[in-house]
1. Give the residues of region 1-16 that are within 11 Å of the chain's Cα centre (by Cα), among the hydrophobic types (A, V, I, L, M, F, W, C) and more than 11 Å from residue 59 (Cβ to Cβ), sorted by residue number.
2. List every residue pair whose Cβ atoms lie under 9 Å apart, where the two residues are 6 or more positions apart in sequence or sit on different chains, the first residue falls within region 25-41 and is at positive phi and modelled with pLDDT of 85 or more, and the second residue, located anywhere, is exposed (fewer than 15 other Cβ atoms within 10 Å of the Cβ) and among the hydrophobic types (A, V, I, L, M, F, W, C).
3. Residue 40 fails exactly one of the following numbered conditions: (1) closer than 15 Å to residue 60 by Cα; (2) in a strand (DSSP E or B). What is the number of that condition?
4. Assess whether residue 64 counts as being surrounded by fewer than 12 Cβ atoms within 10 Å (Cβ to Cβ), at pLDDT 80 or above and more than 12 Å from the chain's Cα centre (by Cα).
5. If I filter region 21-54 down to residues being surrounded by fewer than 15 Cβ atoms within 10 Å (Cβ to Cβ) and among the polar types (S, T, N, Q), which single residue comes out as farthest from the chain's Cα centre (by Cα)?
6. Restricting to region 10-24, count the residues that are at pLDDT 85 or above and in a strand (DSSP E or B).
Amino acid sequence: MDNDGRLVFIDGELAAVLVLLADDVHGSSRGLWSVEVDFRCALASSPFFSSLYDAAAWLQERNSEYVLK
């Protein structure tokens, strides 16, 4: 079950939700972080990230400021 996640706030507003893929159903993506939803930019698909910090860096590139909670 995927139950570890982080909220990403940009300029005080919820901008994205990151989820750690933990369930076996994810196969080779298990253990990676995914952008579950991005409220600022429509995503056809997002890359997977080996760490929370890699995901945050990717989001930072797409947005000028971010804060993880």
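The values are calculated or read from the model by the stated rules, or taken from the named source; none is laboratory data. Please read these numbers as outputs of a predicted model, since none were measured by experiment. Please note: Cβ atoms are built from the backbone with ideal geometry, for glycine as well, and neighbour counts cover all protein chains shown.
1. 7
2. Listed pairs, sorted by first residue: 31/22.
3. With respect to (1) closer than 15 Å to residue 60 by Cα; (2) in a strand (DSSP E or B), residue 40 is out only on (2).
4. no
5. The qualifying residue farthest from the chain's Cα centre (by Cα) is 28.
6. Looking only at that region, the number is 6.
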